[in-house]
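Data first, discussion second: the structure below is written as C-alpha cells.
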Amino acid sequence: MKYKKKIVLLIIMSLVVMTLLSACIPGDGKHTADRPAGFFWGVWHGWIAPISLIGGIFNKNLHVYEVMNKGWWYDLGFYMAIISGFGGLSFARKKIYKTSFRGNWE
C-alpha cells in the first residue's frame, strides 16, 4: 500500500513539474520584436527543449526554438544548454575516457 502511494505521489509531482516547465516553452507569444529573448532565455529553452518537442506534437504553435530572440547571445545560451545537458554529458565523457583508457596503458 505504501508503494502505491509513493508511485501516485511521484506521478502527480511529475505532472506538476512538467506543467510548470511548459509555461515557458518557446513560441508561446511572450517574446516580441520589442522584447526579444536573450541569453538566459536561450539557456532555459535549451534545457526544456525535449519538453518543447513533445509539446509541439500536440500544439503546432509551440516550438523548440524562440524565433523572436536577440541573435547570437540567444543562440549561444541555447546551444550551450543543448550540448551540456545540465553538465551530464561532459562528466560522463570524462569518466568513460579515464576508465576505458587506464586499463589499456597500465
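Nothing in this text is a laboratory measurement; each read-out follows from the coordinates by a stated rule. Just so it is clear, the model here is predicted, and its values are computed rather than measured. Note: ideal-geometry Cβ built from the backbone for every residue, glycine included; neighbour counts use all protein chains shown.
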Output the peptides 11-19, 54-62, 38-46 sorted from most to least packed, where packing is the average of other Cβ atoms within 10 Å over each peptide's residues. 38-46, 54-62, 11-19
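Could you please rank Tyr79, Tyr74, Tyr3, Tyr65, placing first whichever residue has the fewest other Cβ atoms within 10 Å of its Cβ?
On the way: Tyr79 13, Tyr74 24, Tyr3 7, Tyr65 17.
By the 10 Å Cβ count, ascending, the order reads Tyr3, Tyr79, Tyr65, Tyr74.
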